[in-house]
Every structure is written in structure tokens, then in C-alpha cells.
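The structure appears right after this line, and notes come after that.
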Amino acid sequence: MLFCKRIKTPLMTSRLAFLIFLTSLIYCLSCVNSPVFSYDSLREQASEYRNKGFEAQIKGDNRTAATFYKKAIEIDPTYSIAYNDLGIVYEKLDLPFDAEEMYKLAIELDPHYLAAYTNLALFYEKRKDYQQAARLWSRRIELGEPTDPWTIKAKEHLENLAKTDKNIYKIYEQTETLSIIDDVKGKKQDIKDSNQLAAEVYFQRGKELYEQGQYIQALRQLHRASNLDPRNKEIEDLLIQTQKRALLMP
């Protein structure tokens, strides 16, 4: 059986719980003062300040942008986009600790907000914290659509980092395995047994290595596949073919 440990979504922290509580309190108080006032109107106000901040940021006025982004967060403390934007501005203002905090909050508030994973991964790369960056790139790949340009870039970043450290290579290999499993599940709905699924993953890896001419590495993957699914004729045929090619190697 193949065991793959996924990177877990961050659990709700006391800080995040407080932000949600604060937003709920603001909403309740606004309803008491004005029954027609709703959370939607709060978000609309926050969005207006966020847009003003973005305009200032485009013009290169990062301090003004930060002021508007902070105002947006004051109005709506759960506005993950504004936290991410503020993180970018803090980086430009050379406030790395504040930038890191903002990116993390954006992810805590919205664990599926892809831009925050990208920005935080790039942030850690700049600071040579490659393991942290690798974990975030892995999560970005897991959450993103395969054809998304930034998912593709995330794979490139993770692959490059994997060449520098054996622990990062494990993260890369795990991410690749999960991607292959998802692909196999999508293409072969009839595979239900976990050993068969694992065998298909190793077979796909072996096939790729065979096509690249890396016959010794391919054999390792194909032997694993064969052990897990010994009756699979497709695996057996490629294994025999790979063995012949490997024997012909100088």
C-alpha cells in the first residue's frame, strides 16, 4: 500500500478565531445601529479601500497603498486579499517580518487563496529558506489547476529546489506522486484497489524514465509496480523491454 502524506491546511489559530469574532461583532453592532447595514456593505467598503490601495501601489506609492490596505482590513478583518496585498507592499518597504505575517494571515483566512501561497513561497526563496518555500510550492501545486501558468511555475520552482537538498527532493517526489495519483484516478476509474493504484503510479514513473533513456532508474520503478500488481501484463511487458535495454547499456 502506498502512503502519501499531504501537506495539511493550517488549523485555525487563536489569532484567526479572534479576527473572525471581531468581524462578527462589527457585523452585529452594525445591525443594531442600522438594520439595513450588512456584512456585504462592510466588504464593499473594504473593497473600495483595497482598490485605492492597489491604484497607489501601481503608481509606486507603497506607503499610501499600505495605509489603504490597513483601512480595508480594519473594516473587514477577514479580507484575505487585503492581507496579501499588504504583504507585497511590506516587502517593497523592506519590512520582511510584517510581510511574512500578512501572507500567513491571508492563508489562514482563506486556505485556498493561491496568490498568498505563491507570494509566501517566493518570500522564503529570497531568504534562502528553501524547505519552507518547497512546502508552499507543493501546496500551491496541489490546490491549483494543472494548466494554470502559476501552477506550472510552482512545479518548476519546486523541481529546481529539489536539486539542492535531499529533504526537499522528498517533498518534490511526494508532490509528483500525488499528481500522478490524481491523473490516474481521472483516467482509470476502474482502479479501486490501493495496490493497483500504487502500481500504476510506479508504472507511469517507470514509463517516463524509460522514454528518457534512464533504464536503470526505470527498472526500479517498474519492479515496484510489478510487485504490487504482478498480473498486470502492461507492466510485465515494459519491465522485460527495459531489462533488455539496460543490458545493452555500455
Residue-level accessible surface for Val89, protein heavy atoms, 1.4 Å, Å²: 0 Å²
Ser41/Gln132 FRET efficiency (R0 41 Å; Cβ-Cβ; nearest 0.05): 0.60
Two-site FRET efficiency, Asp94 against Glu173, from Cβ-Cβ distance with R₀ of 35 Å, rounded to 0.05: 0.45
Contour minus Cα-Cα distance for Arg231 and Lys166 (0.36 nm per residue): 20.0 nm
Inter-site label distance for Glu142 and Asp61 at 7 Å from Cα along Cβ, in nm: 4.2 nm
In Å², nearest 10: area of Arg245 left accessible to a 1.4 Å probe: 100 Å²
Sites Ile152 and His223, calculated FRET efficiency, Cβ-Cβ separation with R0 35 Å, nearest 0.05: 0.65
Summed residue charge, Cβ within 11 Å of Ala225's Cβ, Lys/Arg positive, Asp/Glu negative: 0
Estimated inter-spin distance, Glu159 and Glu211, nm [label 7 Å along Cα→Cβ]: 1.3 nm
Solvent-accessible surface (1.4 angstrom probe) belonging to Met102, in square angstrom, nearest 10: 30 Å²
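The values are calculated or read from the model by the stated rules, or taken from the named source; none is laboratory data. Just so it is clear, the model here is predicted, and its values are computed rather than measured. FYI the Cβ positions are ideal-geometry reconstructions off the backbone, even for glycines, and counts take in every protein chain you see. Heads up: the accessible areas ignore ligands, DNA and RNA and are worked out on the full protein's heavy atoms, side chains in. Shrake-Rupley method; radii C 1.70, N 1.55, O 1.52, S 1.80 Å.
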